Structures are given as structure tokens and as C-alpha cells.
């Protein structure tokens, strides 16, 4: 009955068109009434306490860094460099999209920011070159999914805070899985374009490639600074977000000179609005997280998953399928905040590495960003690229299947995540 009250009130509020943050508060209030625990003061304390977290400061700073990169020319130079390296091969613009997406993922940590930048820069070029607009939009949307996987990742930060798992370990463990997803997209694109008769642009000379690399060098240095700093213990993930924002600001204003001082106000306001939405969502979800613990919902879910508890791989399959289903109807952040306190006790009881689980959990939630009907990234690509939602959905299907295949491959072979994690983290 407790599960029914919580899930039923949440779904009812969402069906009525209430924003997800307020739906979470409504479901929390309903659960408090059901448990005879309603107290407005406790509700307010949990909302305030939910956002009162030092690690969560990484969220607004990474979002600010992403805004600065898109406006300040860092994203454009990354794309130009990728175009110089692989733009000349058959289907080269698709490979440029994937390569640029992986590089941008190491800069912003946001699927929405990456997808918007790639759509604005590359979709017109791909259509002009003769590629099917739906397929090109689908590839860009699927590439945007890599954003929350390869560090720095806002999703990993939120999961780390909610699950009390080392964010640094999550960051370092997610590098290889993110690149594997990029590799799966590369193979899928190669298979899809093998019959296309499109003349690629001429190969760039060594001098032109070097020039593109030199122009992009300042942007390419950012992920190196962040990852080396985390690995060497120079700064925490939260401090890394501040470093990323400050570095992007310096490069945009002083080096590339594409961001003027008068543009800063709009950049800061845009980042503040996005951060406010995410942080309020986190604060509202913490009410539900507290009540989930009080109501002992994890033990009830353990009962449902009891048949799988003796086999870690089967349990991970069951959990991943559950998250896939939830991801079709709910955005990434609320899914992380609602399911993490429910699933983490199960994961720990089964002896599954929390870092390994966290990486797969975030990958699954990231792919959920391109699964209809919600598909936030699909909506971004459709809006920025002026393409219908149906077309983007049709175009993303083969790439989405490839991403899910990689995810379940990691379920079958956990060392694909745990091995590189030990290598990077020592």
C-alpha cells in the first residue's frame, strides 16, 4: 500500500501536468499523510537540507562552464578540429559528430548543452552534404547522451551525493564506458551510411589539421586539467567545476575573445535559471528520499527482487530493465533522485560494487534522455534543428539500440567498468 500511495500520487500529479518538482513534493505530502507523519516544518527542513550540500555546488558551476563554452567559441573549435581530422572520410560528418560529442562531453557534462551545440553547428552541414535529416538528428541526439557519462558529469555528481559514493571514483570509472558508447555509435553510423552516395569534402592537409588543433588546444586542455587534477588529488569534483568555469571564462574572454564583458550577464542568467530548476528538483526529491527511508520502501522492493538476489548479473539485468521503463516516462534527474535511495540498499545487500552500479545506472538514465515519449534531448534536437519529433525519434532508434547493447554488455562483463576504474584510480 505504501508503494502504491507514493507511486500513484506521483503519477497522478504528473498526469495533471504539474511540474515534476512539485509532483515530487505532492507525492511526499501524500506519503506523509499515509504514514501519519505530516508536519510542515519537517517538509520545509528536508527541502532546505536537500540543496544544502557542498558537492552539489558542482552542478551550477558545470552548467555555467557549459554555457560559457557554447557562447565563447570552445565548442565551435572542438567541432572544427574533429572536422579537420575525420571530415574527409565517407560519412565523415557523422564521425565528426561522434568525435566532437565525446570531446564536448569532457567539457560540459550536460547532454542538453552538448546536443544543442552539436545540432546548431553540425545538423545544417549534414543536411547540406546530403544526409537524411532524421538520421542526422538521431545521431546527434544519441551522441548527446554521452554528455552525462564521460566526466565531468552532472548526473554522476547527483548520484554520488544521493548514494554517498565517491564522485571522483565515479568520474574515473565512467571514462572507458563513455568511450565504448561512442565506439558503438561509430560502428552503427558506419553500417548505416555504407550505401549512401555522398561525396565527402577533400582531405585536410597536415598543416590545416595542425592549425585546427592549435586553435582548439585551449579547449582540449580543459578535460586534461580536470582529470589529472582529480587523479592527483589536486582538487575535489566540486572544486573541479569551479576550475572548469573559471578556465572557460578566461579562454573565452582573453584567448578566443568571442565572449565580451557585456555578454556575461546573459550567460550568467541562463546558467542561473537552469541551475535553479535542477537544484529545486533535487531539494524536492530529498523529501521523497527521506520518506522512502522512513517508510522502509527498499525492503519492500527487495522482496519483489528476491528471486534475483542470489545472482548479481540477473539482479543487474532486472534493475536495468526497471530503470529503462522508468526512463521512458521520467527525466534523468528525478529518476536518479527517486530510485537511488530505493536501489542502493538492494545493490549493497547483493554485494555489487556501488561505483560499478552507479556508472551503469547513469548510462541507463542518460539513454533515457532519447527514449520517447519524454526524451528531453530529442526535444532539444527537434527544437534547435527545426525537425519534427517523429523524425528525430525515427532517426535515433538504431543508435539507441546500440547504446542499450553496450550497457547490457557491461552487465554481462562487469570488468569492462571495474577494470579501467582500478587502472585510473589505482
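Read-outs throughout are calculated quantities, based only on the coordinates presented, and are distinct from any laboratory measurement. The shown structure was predicted, so the numbers you read here are calculated from the model rather than taken from an experiment. Heads up, the Cβs are rebuilt from the backbone with ideal geometry, glycines too, and the neighbour counts pull from every protein chain shown.
Observations on the structure shown:
- Degrees separating the helix 111-129 axis from the principal Cα axis of the chain, which is the longest one: 40 degrees
- Taking each residue as 0.36 nm, the span from residue 37 to residue 309 lengthens on full extension beyond its C-alpha to C-alpha distance by 94.7 nm.
- Nearest 10 degrees, 0 to 90: helix 133-144 Cα axis against the chain principal axis: 60 degrees
- Efficiency of FRET between residue 187 and residue 415 - r from beta-carbon atoms, R0 25 angstrom, step 0.05: 0.75
- With 0.36 nm allotted per residue and the present C-alpha distance subtracted, the residue 389-residue 349 stretch has 10.3 nm of extension available.
- When you count the other C-beta atoms within 10 angstrom of each residue and take the mean per peptide, 201-207, 123-129, 40-46 line up highest first as 123-129, 40-46, 201-207.
- Each helix, a run of at least 4 DSSP H residues, gives -39500 (n - 2.57); summed and divided by the residues of the chain, these come to -25000 deg cm²/dmol at 222 nm.
- Ordering 181, 167 by the number of other Cβ atoms within 10 Å of each residue's own Cβ, fewest first, gives 167, 181.
- Listed peptides 360-367, 131-138, 253-260 appear in the order 360-367, 131-138, 253-260 once ranked by packing, highest mean of other Cβ atoms within 10 Å at the front.
- Sorted ascending by nearby beta carbons within 10 Å, beginning with the fewest, 357, 81, 408 become 408, 81, 357.
- Degrees between helix 74-86 axis and first principal axis of the chain (Cα, 0 to 90, nearest 10): 60 degrees
- Annotation: peptides 8-16, 333-341, 97-105, ranked by per-residue average of other Cβ atoms within 10 Å with the highest first, follow the order 97-105, 333-341, 8-16.
- When the P(r) is computed for the range 1-96, the part past 17 Å accounts for 71% of the Cα-Cα pairs.
- Length gained on full extension, residue 51 to residue 203, computed as 0.36 nm times the residue gap minus the Cα-Cα distance: 49.7 nm.
- Taking 359, 377, 267 as the candidate residues, the one with maximal mean-square fluctuation in a Gaussian network model of the chain, Cα springs under 10 Å, is 267.
- Tail weight of P(r) past 39 Å, computed on alpha-carbon pairs of the chain, percent: 17 percent
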